[in-house]
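Each reported figure results from applying straightforward, stated rules to the coordinates on display, with no laboratory input. Computed from a prediction, not measured in an experiment: that's the story for all the values here. Neighbour counts run over all protein chains shown; Cβ positions are idealised from the backbone, glycine included.
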Amino acid sequence: MTYIYDDQNVFARILRGELPCRKVHESEHSLAFEDIAPIAPCHVLVIPKGAYVCFDDFADNASTEEIADFVKAIGEVSRKAGVAPGTGGNGYRLISNAGPDGVQVVPHLHVHIVGGRPLGPMLSRTGS
């Protein structure tokens, strides 16, 4: 499948230094920063530095090094943020939206790490 990456999306602009962010973590292939409109006490976005639209694009096209770095960055950020259960936190939720039905707003792969309070059910039913 071919993915069309918009290099003017907000995360691409953050990666190029055109827009500021409140950086939480940076590695060779990943960047994590605080969400500008947090929905919980901990709300951090983790993005790959490569031009990937969504998770399946990343899984199909990223290098093994990029994938390993991204997964490790998510773990590191959850520990740094104090929400990882193994380090005294009470847990977190990972959210990655893809495409129109997934309500993806920015066409650059990103994972939301959300925690710091009870989050409620994952989804609510809106019909059958």
Got a sec to turn the phi values of the range 52-60 into Karplus ³J(HN,Hα) couplings, 6.51 cos²θ - 1.76 cosθ + 1.60 with θ = phi - 60°, whole Hz, x for Gly and Pro? 10, 6, 8, 5, 5, 4, 4, 4, 7
Sparse-neighbour loop sites [GluC sites (Glu not before Pro); the range 16-74; at most 11 other C-beta within 10 Å; DSSP]: Glu18, Glu28
Kindly provide the helix-only [θ] at 222 nm of the chain, computed as the sum of -39,500 (n - 2.57) over DSSP H runs of four or more divided by all residues, to the nearest 500 deg cm²/dmol? -7000 deg cm²/dmol
Candidates Val46, Val24, Val114, ranked by Gaussian network fluctuation over the chain, Cα under 10 Å, top entry: Val24
Report the net charge of residues surrounding Glu65, where surrounding means a beta-carbon distance below 12 angstrom and charges are Lys +1, Arg +1, Asp -1, Glu -1. -1
Sparse-neighbourhood loop sites, trypsin sites (Lys or Arg not before Pro) in the range 32-128 - DSSP loop, at most 15 other Cβ within 10 angstrom: Arg125
Ranking His110, His29 by Cβ neighbours within 10 Å, fewest first, what do you get? His29, His110
With a ≥ b ≥ c from the Cα gyration tensor eigenvalues, square-rooted, and the rule rounded for a/c under 1.5, otherwise prolate when a/b > b/c and oblate otherwise, the chain is oblate
Give me the number: length gained by fully extending Glu26 to Asp6, i.e. 0.36 nm times residue separation minus the C-alpha to C-alpha distance, one decimal in nm. 5.0 nm
